[in-house]
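Undergrad: This structure is in structure tokens; I'll ask about it shortly.
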């Protein structure tokens, strides 16, 4: 199943994102369940959140992936939502 992880960064946490980006990207590579991913950008073009499309067997696997994300462990996110997603295009 495909699951969209939509996360918004806490205001003023760009440096937290930058400091944990390599670990986050390593988590993506190591787990092998990310179909697509990238940051949201604010009006100044700075990273301010994340969109990650997970290809996982169930919602529990998506929740476990999100909980293990170094960004989450660093306290970067103000909010995180996981929703089943259907690819059309």
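Undergrad: Looking only at residues that are surrounded by 13 or more Cβ atoms within 10 Å (Cβ to Cβ) and more than 10 Å from the chain's Cα centre (by Cα) in the stretch 47-63, which one is nearest to residue 89 (Cα to Cα)? Show your work before the answer.
TA: Here is the first cut: in the stretch 47-63, the residues surrounded by 13 or more Cβ atoms within 10 Å (Cβ to Cβ) are 47-56, 59, 61-63.
Add one more test, that the residue is more than 10 Å from the chain's Cα centre (by Cα), and what stays is 47-48, 55-56, 59, 61-63.
Numbers: 47: 25, 48: 25, 55: 16, 56: 19, 59: 22, 61: 24, 62: 22, 63: 25 Å.
Residue satisfying both the conditions and the ranking: 55.
Undergrad: Only strands (runs of 3 or more DSSP E) wholly contained in the chain count here; list those with 3 or more residues that are without any contact (Cβ under 8 Å) to a residue 24 or more places away in the chain.
TA: On the way: elements: 2-9, 34-41, 47-55, 77-85.
So the answer is 34-41.
Read-outs throughout are calculated quantities, based only on the coordinates presented, and are distinct from any laboratory measurement. The model shown is predicted, which means the values in this text are computed figures rather than measured ones. Backbone-built Cβ (ideal geometry, glycine too); neighbour counts: all protein chains shown.
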